[in-house]
Amino acid sequence: MNRSTRQQSGFSLIEVMVALGVLSFGLLGIMLMQAQAMQQGSRGKHQSAALSIARDVYEQIPRMPFSDPNLAVNNAWLNPPWINNPPFNAGEIPVQLTDGTGIVQTEQIYRVWYRITPDVLGNADLRNIELQVLWTPENNPALTPLTRTNESFVAFSGMFVENDK
């Protein structure tokens with residue numbers, strides 16, 4: 001039998017290597033997409049928690065007396081002293097988890113900052129409030145607050161009205 005008329009069966013080594021190369025590029029793309037999806041999911045979880053905290057803090061303010069010194073016009077970013085969770089600093093809200101052995105671990109610390117400014121039109125019965133809730137993905141408390149270069153944040157603002165009368 002002549003070699004040129006004989007049928008070849010199976011795959012050559014080059015065909016197998018090309019197929020493995022195409023497969024590896026596909027799997028690498030899937031792994032990168034999975035890593036990105038996990039990162040975005042984590043960011044979404046923290047943004048949702050921070051927005052919920054900002055909304056809760058904002059809803060507490062109208063229940064406080066308008067004459068409360070903590071709600072005086074200050075034009076400076078402050079930590080809300082009414083948020084106090086020892087041993088954490090004022091304005092820090094920890095998210096803590098208990099593992100299977102009963103040990104409590106802090107998953108994330110959110111830092112709340114607020115600023116009270118006067119009404120733009122000069123109405124003394126209105127004040128503007130701005131809230132920021134910041135967090136670091138690594139939960140590194142050594143970072144300077146309000147730098148925004150290494151911290152994620154959500155912002156929330158609105159007005160509140162004189163309620164002492």
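Some observations on this one:
- The range 8-58 - residue that is of a type in the set (Phe, Trp, Tyr) and in a helix (DSSP H, G or I) and, of those, farthest from Asn79 (Cα to Cα): Phe25
- Qualifying residue in the range 129-142 (condition: at pLDDT 90 or above, touching a strand residue (DSSP E or B) at 6+ places or on another chain (Cβ under 9 Å) and hydroxyl-bearing (Ser, Thr, Tyr)): no
- Residue in the range 19-41 that is in contact (Cβ under 8 Å) with a residue 40 or more places away in the chain and under 23 Å from the mean Cα position of the chain (by Cα) present: no
- Residue count for the range 91-113, restricted to those that are modelled with pLDDT under 90 and either closer than 18 Å to Glu130 by Cβ or hydroxyl-bearing (Ser, Thr, Tyr) (or both): 3.
- Number of the exception - Asn79 against (1) of a type outside the set (A, V, I, L, M, F, W, C); (2) farther than 27 Å from Ala124 by Cβ; (3) in contact (Cβ under 8 Å) with a residue 24 or more places away in the chain: (2)
- Only one of the numbered conditions (1) within 30 Å of Ser157 (Cα to Cα); (2) assigned to a loop (DSSP other than H, G, I, E, B) is not met by Thr101, and that is (1).
The values are calculated or read from the model by the stated rules, or taken from the named source; none is laboratory data. Treat the numbers as computed from the prediction; the structure is a model and nothing was measured. Reconstructed Cβ throughout: ideal geometry from the backbone, glycine too, with neighbour counts over all protein chains shown.
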